[in-house]
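Worksheet for the structure shown next.
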Amino acid sequence: MQYPEPVAKLIDGFMHLPGIGEKTATRLAFYTIDMPKDEVQQFAQALNDTKEKLTFCSVCGNITETDPCEICSDPMRDQSQVLVVEQPKDIATMEKMKDYHGLYHVLHGVLSPMEGKGPDDINISSLIKRLQKNETIKEVIIATNATPEGDATAMYLARLLKPAGLKVTRLARGLAVGSDIEYADEMTLFRAVEGRTEM
Ligand SMILES: [Zn+2]
């Protein structure tokens with residue numbers, strides 16, 4: 001059977017999200033139809049705002065409403081440490097832990113020869129420029145995920161940054177191999193930061 005056009009469009013919209021097939025998309029679409037009007041409007045507004053109000057911080061690459069972001073413009077943060085993550089959501093995870101007070105840098109990906117992703121395809125050149133400009137930064141903590149790509153990216157960065165006299169460390173392997181920072185609990189993350197090792 002054919003659905004009315006708004007329903008078909010909604011199903012199509014949900015199907016663009018990762019991990020959602022036609023069955024789930026259809027279920028979500030019909031769930032949305034049953035939702036109160038104001039809830040649906042709030043949801044639609046939130047979707048719109050992600051494109052209208054958010055931008056990437058020109059310093060660290062975090063998602064933000066103001067540029068530079070809140071973390072980059074906070075003088076109380078420890079200006080001697082930069083923690084390098086793959087995605088903006090990793091910053092949120094680290095911040096929940098509340099024990100890291102330094103700065104961040106978001107790569108927006110990892111090196112992946114399989115997907116044709118080289119150093120120019122992720123946010124590395126801005127990190128280099130940032131480190132060259134800013135002599136207060138003494139340590140770069142690499143917190144890419146414990147995957148082959150995450151490890152290769154960490155190695156690449158260490159080789160690039162160590163000759164410049166920077167201390168380069170990697171989060172301890174409290175994190176299970178292949179796991180994302182996203183899924184680590186706060187205690188595990190805390191131990192991973194505390195037990196970080198020099199590369
Ligand atoms: Zn920032």
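What follows is calculated from the coordinates using simple rules that are stated; it is not laboratory data. Computed from a predicted structure; not experimentally measured.
A few points about this structure:
- Against the chain, whose longest principal axis is taken from its Cα atoms, helix 22-34 shows a tilt of about 70°.
- Nearest-ten-degree value, helix 148-161 long axis tilted from longest Cα axis of the chain: 40
- Debye log10 I(q)/I(0) for the chain, one point scatterer per Cα, at q = 0.14 Å⁻¹: -0.89
- Taking segment 1-76 and dividing mean pair separation by its residue count, relative contact order in percent (alpha carbons under 8 Å, at least six apart): 14
- Against the chain, whose longest principal axis is taken from its Cα atoms, helix 5-15 shows a tilt of about 30°.
- Highest-fluctuation residue, Leu189, Leu103, Leu47 considered, GNM on the chain with Cα pairs under 10 Å: Leu47
- Per-residue HN-Hα couplings for segment 184-195 [Karplus 6.51, -1.76, 1.60; θ = phi - 60°; Hz; x = Gly/Pro]: 7, 7, 4, 5, 4, 5, 4, 5, 5, 6, 4, x
- Fluctuation leader among Asp151, Asp67, Asp34 - the chain, Gaussian network, Cα springs under 10 angstrom: Asp34
- Under 5 Å from the amide H of Leu83 lie the amide H atoms of Leu103, Tyr104, His105, Ile141, each residue being 5 or more positions distant or on a separate chain, with H modelled from the backbone and absent for Pro and chain starts.
- For the chain, the relative contact order comes to 15 percent (Cα pairs under 8 Å, sequence separation of at least 6).
- Whole-Hz couplings from phi, Karplus 6.51/-1.76/1.60, listed for segment 57-65; x for Gly and Pro: 4, 6, 8, 10, x, 5, 7, 7, 8
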